[in-house]
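Structure first, then comments.
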Amino acid sequence: MLIKAKVGRQEWTSAAGVRSREARTAVQPSDSFPVGGQLRTMLAVSIFKLADEGLLTLDDAVTTYLPGSVAAGSPLTIRQLLGITAALPDVSPAQADALLGRVVEQLRGSPLEAVLRADILTPLDLGATQLLAPGSTVPDDLVHGYIQEGGETVDVTFPSAPPGVAPGGLVSSIGDISAFQDALLRGRLLAPASLIAMKGTVFAEYGLGLDHWDDRCTNGSYYGHAGDVPGYGSVALSSADGNRQLAIFVAYPPQPLMTQPSALSLEMTGVAQVALNSGCRFRFR
């Protein structure tokens, strides 16, 4: 497990556990985790950059760029994929991410990993973050994850992203994800109007690539994302001004593969929200 908290200029990072059941090497604060649940926000940044450049609009039909990708005549739009909103009974979050990734690749003419690197990773110097494709070099410090399958414990550590868009393929450090959120919310990645649109509410707890939680310090919202991939969970929240942040990465105890967020994932988001709300009593600079 990794936890990173920030209040003002004060930061704290803690690591617990081992990288693998076999090696028993202690987890370090800089270690890498599969954090596929965080890919949605990065995809949203690349989509909004395309919109800022006039290369698409959020209300364009997905089939405008990916003919045959969904049922003929489907009104499915880019906006709906970003928000996982109505009319998506047959599209899972992972499938939505895959479609968004393909749209980005189609319009940029480059693999998604290269686009994310140009849009986000290189400008912010996020050297621990990559989208693993088959044949990619897996970081030596990648924390192992496990599931239960047929009564056996199975190592699911090495994610890949064929053909470069599956959310399980995103690997990052807790420092990189925190830096990404800080830069996004401070307006370093998108035009002001696009950031406002991204933070807008689609329904109670979700915008366009960002989850919302109640910020009782400001009566506003925390922004970020939470999600699971097999064997792992991650949550990263930030106040609207970026001054208060909390991120948690976990390799779950081995359990059967589930299609819905685990109870532990929901508990993590609750703990993160309570912890950040307790931080408003502090006034660090």
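Derivation of every value follows stated rules applied to the coordinates shown; laboratory data play no part. Keep in mind that what you see is a predicted model, and the values were worked out from it rather than measured. Cβ atoms come from the backbone with ideal geometry, glycine included; neighbour counts cover every protein chain shown.
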Segments 46-52, 232-238 sorted - mean Cβ within 10 Å per residue, highest first
232-238, 46-52
Only helices counted: for the chain, with every DSSP H run of 4 or more residues adding -39500 (n - 2.57) and the sum spread over all residues, [θ] at 222 nm is -8000 deg cm²/dmol
Taking a cut-off of 15 Å between Cα atoms, list the aspartates and glutamates near LYS4, but don't count ones fewer than 8 places away on the same chain.
ASP31, ASP176, ASP182
Name the residue, out of GLN130, GLN95, GLN245, whose mean-square fluctuation peaks in a Gaussian network model built on the chain with Cα pairs under 10 Å.
GLN95
Arrange the peptides 175-185, 111-121 so that the one whose residues have, on average, the most other Cβ atoms within 10 Å appears first.
175-185, 111-121
Just order 35-41, 23-29 by mean Cβ neighbour count inside 10 Å, highest at the front, would you?
35-41, 23-29
